[in-house]
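A.B. asks: This is the structure I want to talk about, given as structure tokens.
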Amino acid sequence: MNRRCALGLCAIGLVTIPAFPSSSAAQGKSSLRDQLVGTWIYVSSTARRDDGSNVPRPSLQGAVTYTADGRFHFITTRTDLPKYASSDSARPSSDEAMAIVSGSLAYAGTYTVDENTKTIHANIEASTFPNLVGAPNQRRIITSITDDEMKFTNPRTAAGLTLDIVWKRAK
């Protein structure tokens, strides 16, 4: 009888164990930082002033990459940038140079993630806009993230705007 009872308990255990998720599965998906790692391609953005009014955005292309070791790089450029008439990147005309400078933004550095507030804290070490280098409180608040799409808000750009940016994961 004890043997039959023991076998019955083992059978019940084998049947019910799959019903209880493991501790890692019970915690849900991986950490926000783990979900963030990779390259994301720019999809769209909106900008608004403090009074809520929208600011027109140019047509852009770009990408942001977050590495597992805490480094990142970001670049956006206007899609309508002029080609250099001289074909020499060291010799743009004044108008070409102004268009490139005002139509491109790139920066790189290190980042940390606050899982509780879903905030990326960026430490910008190099930028095409030198005012960003070392600027305090560079935050990107993740409003949603899936395997294929991320949305984040930059609550305060150097121009005093709030940017909402949509990204798709690079394949």
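A.B. asks: Out of the residues in the stretch 103-154 that are basic (Lys, Arg) and out of contact with any helix residue (DSSP H, G or I) (no Cβ under 8 Å at 6 or more places or on another chain), which is farthest from LEU60 (Cα to Cα)?
C.D. replies: Taking the candidates together, the pick is ARG139.
A.B. asks: Continuing with this model, one more query. Could you go through the stretch 28-39 and let me know if any residue there is modelled with pLDDT under 95 and either open to solvent by less than 50 Å² (accessible area, probe 1.4 Å) or in contact with a Leu (Cβ under 8 Å, 6 or more places away or on another chain) (or both).
C.D. replies: Taking the stretch 28-39 and keeping what is modelled with pLDDT under 95, we get 28-30.
Within this subset, residues satisfying the condition of being either open to solvent by less than 50 Å² (accessible area, probe 1.4 Å) or in contact with a Leu (Cβ under 8 Å, 6 or more places away or on another chain) (or both) are 28.
Yes, the stretch 28-39 contains at least one residue that is modelled with pLDDT under 95 and either open to solvent by less than 50 Å² (accessible area, probe 1.4 Å) or in contact with a Leu (Cβ under 8 Å, 6 or more places away or on another chain) (or both).
A.B. asks: Only one of these conditions is not met by THR110: (1) among the β-branched types (Val, Ile, Thr); (2) over 14 Å from PHE72 (Cβ atoms); (3) exposed (fewer than 15 other Cβ atoms within 10 Å of the Cβ); (4) at pLDDT 95 or above. Which number is it?
C.D. replies: Of (1) among the β-branched types (Val, Ile, Thr); (2) over 14 Å from PHE72 (Cβ atoms); (3) exposed (fewer than 15 other Cβ atoms within 10 Å of the Cβ); (4) at pLDDT 95 or above, only one is false for THR110: (2).
A.B. asks: Out of (1) over 19 Å from VAL166 (Cα atoms); (2) free of Cβ contacts under 8 Å to residues at least 12 places away in the same chain; (3) in a strand (DSSP E or B), what's the single condition that is false for SER144?
C.D. replies: For SER144, the exception is condition (1).
A.B. asks: Condition check: crowded, with 17+ Cβ neighbours inside 10 Å and among the hydroxyl-bearing types (Ser, Thr, Tyr). Does TYR84 satisfy that?
C.D. replies: Working: crowded, with 17+ Cβ neighbours inside 10 Å: no; among the hydroxyl-bearing types (Ser, Thr, Tyr): yes.
The answer is no for TYR84.
Per-residue answers, yes or no, for (1) surrounded by 13 or more Cβ atoms within 10 Å (Cβ to Cβ); (2) more than 22 Å from SER127 (Cβ to Cβ); (3) modelled with pLDDT of 95 or more; (4) not hydrophobic (A, V, I, L, M, F, W, C):
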residue: ALA47; (1), (2), (3), (4): yes, no, yes, no
residue: ASP50; (1), (2), (3), (4): no, yes, no, yes
residue: LEU60; (1), (2), (3), (4): yes, no, yes, no
residue: ALA63; (1), (2), (3), (4): yes, no, yes, no
residue: ALA68; (1), (2), (3), (4): no, yes, yes, no
residue: PHE74; (1), (2), (3), (4): yes, no, yes, no
residue: SER93; (1), (2), (3), (4): no, yes, no, yes
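A.B. asks: Any residue at all in the stretch 147-170 that's assigned to a loop (DSSP other than H, G, I, E, B), modelled with pLDDT of 95 or more, small (Gly, Ala, Ser) and within 28 Å of ASP34 (Cα to Cα)?
C.D. replies: Yes, the stretch 147-170 contains a residue that is assigned to a loop (DSSP other than H, G, I, E, B), modelled with pLDDT of 95 or more, small (Gly, Ala, Ser) and within 28 Å of ASP34 (Cα to Cα).
A.B. asks: Still on this structure, please answer the following. State the number of residues belonging to the stretch 121-137 that are among the aliphatic types (A, V, I, L, M), closer than 19 Å to THR153 by Cβ and in a strand (DSSP E or B). Let's see the steps before the verdict.
C.D. replies: Of all residues in the stretch 121-137, those among the aliphatic types (A, V, I, L, M) come to 122, 124, 126, 132-133, 135.
Subsequent filtering for residues that are closer than 19 Å to THR153 by Cβ retains 122, 124, 132, 135.
Add one more test, that the residue is in a strand (DSSP E or B), and what stays is 122, 124.
The total comes to 2.
A.B. asks: Of the conditions (1) touching a strand residue (DSSP E or B) at 6+ places or on another chain (Cβ under 6 Å); (2) within 16 Å of PHE74 (Cα to Cα); (3) without any contact (Cβ under 8 Å) to a residue 12 or more places away in the chain, ASN123 fails just one. Which one is it?
C.D. replies: The one condition ASN123 does not meet is (3).
Quick grid of which residues meet (1) open to solvent by 50 Å² or more (accessible area, probe 1.4 Å); (2) charged (D, E, K, R); (3) farther than 23 Å from ALA170 by Cα; (4) modelled with pLDDT of 95 or more:
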| position | (1), (2), (3), (4) |
| --- | --- |
| ALA106 | no, no, no, yes |
| LYS118 | yes, yes, no, yes |
| ALA122 | no, no, no, yes |
| THR143 | yes, no, no, yes |
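The values are calculated or read from the model by the stated rules, or taken from the named source; none is laboratory data. Here the structure is a predicted model, which is why all the values come from computation and not from measurement. Cβ atoms come from the backbone with ideal geometry, glycine included; neighbour counts cover every protein chain shown. These accessible areas exclude ligands, DNA and RNA; they are computed on the full protein's heavy atoms, side chains included. Shrake-Rupley method; radii C 1.70, N 1.55, O 1.52, S 1.80 Å.
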